[in-house]
Amino acid sequence: MLVYILFYNKNLIKRSDGHSVQIDYTFFYNGKILYLIKVLNKFLFRIVVCSIIGYSGKLISAAPLLVESLKKMEYRGYDSVGIATLNEGNILMSKGVGKVAEVDKEMDLNNLPGQIGIGHTRWATHGSVNAKNAHPHYSCSSNIAVVHNGIIENYQELKIELTNDGHVFKSQTDSEVIAHLLEKYYKESNFNVNETMIKTCKVLKGSFAFVVIFDNGVIAGARFDEPLIIGISNNALFLSSDVLGFLKYTDKSVFLDNGDIVIIDNDTFRIFDVNEKIVTRPVTQVAWELGSTEKGKYAHHTIKEIHEQTLTLLKPFQVSNNFQTFCEFLRNASNIYITGSGTSYNCGLLGKQLLSKFAKIKSEVVMSSEFQYSSDSLEPNSAVIAISQSGETADVLHSVKKAKESGAKILSIVNVPTSSLARMSDSLLTLNCGPEIGVAATKSFMGQLMIIYKIVNILSRDQMPFDEINQKHLLKMVKKVLRLDGVIQNLISSLDKNIKDIYILGRSIHYPIALEGSLKIKELAYIHAEGIAAGELKHGPLALIDKESVVVVLNPTDETYQDVISSSNEIKSRGAYIIGISNKKDDVYDRFVELPDVDSYLYPILEIVPLQLMSYYLALEKQVDPDYPRNLAKSVTVK
Ligand code: F6R
């Protein structure tokens with residue numbers, strides 16, 4: 001049974017299994033009395049990643065295409081699915097709870113007739129997971145249907161107003177207010193879609209993107225802090241939250257900017273802002289290899305992506321990345337911040353150490369979610385290196401906005417070159433590692449590391465060698481480590497099935513990798529894991545170590561080697577089970593994962609691989625889906 005403990009006196013609830021959820025009503029047990037509490041529906045924190053697709057074409061029916069597009073975007077995480085199509089002037093709708101294939105089977109989504117349509121996968125936020133709350137949402141007279149991603153902050157006020165005006169709501173979602181607002185303005189404007197869209201967008205508050213289908217055959221969309229992209233093919237136009245939604249049909253994309261409204265009428269589209277001013281946005285060709293969205297011979301995207309690192313490692317150097325310009329900005333900066341979230345933040349931590357060690361450049365790494373509180377020394381001459389696989393992480397975008405306001409230069413390292421972050425940047429380096437479908441960042445982390453190493457190489461004026469020869473040798477060594485896949489699988493299957501805690505120790509440049517490894521274990525295998533700077537053990541964490549503890553030690557032969565051996569002995573004497581990851585074996589390790597010899601500063605790139613593999617196999621042991629960890633989504637587009 002899950003016990004809910006109310007904390008923070010609002011609607012963010014911590015469950016006994018450690019996860020935070022947002023709910024409308026909860027029971028609060030104070031030890032004696034059971035209270036039923038109505039929780040204020042004001043959002044503090046959410047993980048949201050819905051997917052949106054809109055299609056207006058001539059040649060094929062909309063429904064199968066919408067279903068297929070939603071499947072392509074499944075990696076973003078969701079709990080329910082729905083589509084709406086226009087057929088002979090009527091908007092038809094079908095939606096349900098579950099995976100796209102399940103809902104399709106149950107509701108026969110594919111056979112909804114019509115050549116225009118919209119589709120959505122929902123990640124429940126406002127209102128529970130049920131078919132009524134799934135998108136699309138109809139207006140009262142069903143002449144409009146809408147799909148939405150993000151938050152409508154003022155939905156409660158709007159809902160009250162609309163209800164007083166006679167609108168009837170069928171769901172608990174914030175999204176449904178958009179459908180009713182559109183209906184109101186559609187009627188008031190005598191069915192003028194432009195005016196309807198503008199008035200609706202002016203009233204809504206929050207960060208959102210939505211796509212709407214009108215019964216006159218027009219599809220419209222709006223982008224306010226959530227991604228929305230137009231896909232242009234010869235016979236059709238698309239509107240999607242992700243290029244994967246239409247990439248099978250076209251690689252020609254228009255990335256809408258914040259505040260853009262788009263109207264698709266037959267085979268033309270126009271973009272304008274809330275002042276009705278027409279805006280033009282460039283058409284970009286998106287260079288993703290579609291094949292890589294399939295799992296191929298692998299059981300999961302995660303393991304495929306771990307192995308794919310040998311293909312993607314050198315990709316940052318195979319596109320026209322302008323490292324020199326990027327580094328010039330850094331050379332000219334009065335102070336340097338590095339920011340990112342989760343895995344990208346861990347990469348930043350390593351970047352800081354390498355910059356200091358080899359280039360003698362001081363920088364400050366700040367988690368993006370903390371940036372607003374700890375970036376007081378930002379000034380026009382500062383540079384902010386923003387690291388983000390997706391380029392859409394809300395915390396990162398907010399940090400960058402803040403930095404920009406101070407006049408700082410934004411230098412980003414991203415995988416999606418057309419992302420919001422990329423477009424806000426003064427200089428950009430791209431990972432070019434293709435779509436990363438597994439929720440856990442693996443190959444993108446590797447790409448980020450490669451870029452960081454190159455930057456340090458340039459800024460250190462080769463004090464830290466990292467030329468083509470080093471890179472190619474490194475690639476060979478990563479391949480060698482990946483051949484340990486079977487060894488690691490055996491190692492993991494030999495461990496106690498009820499491991500509660502795993503500690504990963506590393507000093508200096510190995511510490512960020514210890515943090516990254518522990519993040520992977522937490523999210524993939526749902527096991528408590530902690531990265532610890534080995535020297536800190538005696539300042540507290542040693543108290544946790546006992547016979548039940550599993551400790552992974554990152555300990556290649558560099559300046560940290562002997563100290564980490566000493567720490568390992570301390571741990572061993574408390575009965576812990578030690579897995580050593582090193583190029584040198586030692587008796588203190590119960591199990592040993594052997595790394596090949598490389599220059600010592602390169603070990604972080606090798607070390608992360610066994611940790612990724614361990615996390616993956618721990619997930620399999622626990623029989624949880626490593627591709628879609630619970631409660632997490634690929635892009636966290638809301639603060
Ligand atoms: C962990 C993971 C997350 C992301 C974080 C930032 O495996 O994937 O911690 O690294 O949400 O995402 P990006 O890099 O897209 O900004």
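The values are calculated or read from the model by the stated rules, or taken from the named source; none is laboratory data. Treat the numbers as computed from the prediction; the structure is a model and nothing was measured. Using ideal geometry, Cβ is built from the backbone for each residue, glycine included, and neighbour counts are taken over all protein chains shown. Side chains included, ligands, DNA and RNA excluded: accessible areas come from the protein's heavy atoms. Shrake-Rupley method; radii C 1.70, N 1.55, O 1.52, S 1.80 Å.
Worth pointing out:
- Legend: distances between Cα atoms for LYS360/LYS409; LYS352/LYS479; LYS352/LYS454; pairs beyond 25 Å are LYS352/LYS479.
- At the residue level, ASP225 shows approximately 60 square angstrom of accessible surface with a 1.4 angstrom probe and all protein chains present.
- Residues ASN235 and GLN285, FRET efficiency given R0 of 22 Å [Cβ-Cβ distance, rounded to 0.05]: 0.75
- Helix 443-459 axis, angle to the chain major axis (alpha carbon atoms, nearest 10°): 60 degrees
- Cα-centre dipole for the chain with unit charges at Cβ (Lys and Arg positive, Asp and Glu negative), debye to 20: 340 debye
- Cleavage-rule hits (trypsin sites (Lys or Arg not before Pro)) in segment 499-538: DSSP loop, at most 15 neighbouring Cβ within 10 angstrom: LYS500
- Gain on full stretching of the segment that runs from SER320 to ARG574 - 0.36 nm per residue minus C-alpha separation: 86.2 nm
- Distance histogram for segment 544-637 (every C-alpha pair counted, 5 angstrom bins, percent rounded to whole numbers): 3, 12, 19, 19, 17, 13, 10, 6, 1, 0
- HIS539, HIS528, ranked by accessible area, largest first (probe 1.4 Å): HIS539, HIS528
- Helix 62-72 and the long axis of the chain differ in direction by around 20°, with both axes built from C-alpha atoms.
- A simple count of charges around SER80, restricted to other residues whose Cβ falls under 13 Å of its Cβ and scoring Lys, Arg +1 and Asp, Glu -1, yields -1.
- The amide H of GLU530, built 1.01 Å from its N in the peptide plane, has ILE502, TYR503, ILE504 as neighbours under 5 Å, considering only residues 5 or more places off or on other chains.
- Once the 1.4 Å probe is applied to the protein heavy atoms, segment 403-466 comes out at 24 Å² accessible per residue.
- Each Cα pair under 8 Å and six or more residues apart adds its separation to the average, and for segment 287-466 the resulting relative contact order is 29 percent.
- Using the Cα coordinates of the chain, the gyration tensor eigenvalues translate into equivalent-ellipsoid semi-axes of 44, 28, 23 Å, sorted from longest to shortest.
- Estimated FRET transfer efficiency when R0 is 45 angstrom, pair ASN332-ARG483 (beta carbons, to 0.05): 0.55
- The local environment of LEU613, defined by Cβ-Cβ distances under 12 Å, has a net charge of -1 under the rule Lys, Arg +1 and Asp, Glu -1.
- Only Cα pairs under 8 Å and 6+ residues apart enter the sum, and on that basis the relative contact order of the chain stands at 11 percent.
- Placing dummy labels 7 Å off each Cα toward the beta-carbon, the span from ASP265 to LYS252 is 2.1 nm.
- Here each label is just a point 7 Å from Cα along the line to Cβ, and for ASP599 and ASN87 those points are 6.5 nm apart.
- In angstrom, the C-alpha Rg and Dmax of segment 120-195 are 12.0, 36.
- Area accessible to solvent at CYS50, 1.4 Å probe radius, in Å²: 10 Å²
- Residues whose amide H comes within less than 5 Å of that of LEU228, counting only those at least five positions distant or on another chain, are LEU256 (H built at 1.01 Å from N in the peptide plane).
- Distance between modelled label sites at ASN631 and GLU405, nm, 7 Å Cα→Cβ extension: 3.1 nm
- Accessible area per residue, Å², segment 229-383 with all protein chains present, probe 1.4 Å: 45 Å²
- For segment 287-466, the Cα-based Rg and Dmax, in that order, read 15.7, 50 Å.
- Restricting segment 460-492 to trypsin sites (Lys or Arg not before Pro) that sit in a DSSP loop and have at most 15 other Cβ atoms within 10 Å of their own Cβ leaves ARG461, ARG483.
- Equivalent ellipsoid semi-axes, segment 308-367, via Cα gyration tensor eigenvalues times 5, rooted, Å: 22, 17, 11
- When the square roots of the Cα gyration tensor eigenvalues are ordered a ≥ b ≥ c, the ratio a/c for segment 483-639 is under 1.5, which makes its shape rounded.
- Net charge dipole size for segment 75-165 [Lys, Arg +1 and Asp, Glu -1 on Cβ; Debye, nearest 20]: 240 debye
- Each of the GluC sites (Glu not before Pro) that DSSP puts in a loop and that has at most 13 other Cβ atoms within 10 Å breaks the chain; the longest unbroken stretch is 295-558.
- Segment 160-236: trypsin sites (Lys or Arg not before Pro) in DSSP coil with no more than 15 other Cβ atoms inside 10 Å: LYS170, LYS205
- Accessible area of the chain belonging to carbon and sulfur atoms, whole % at 1.4 Å probe: 50 percent
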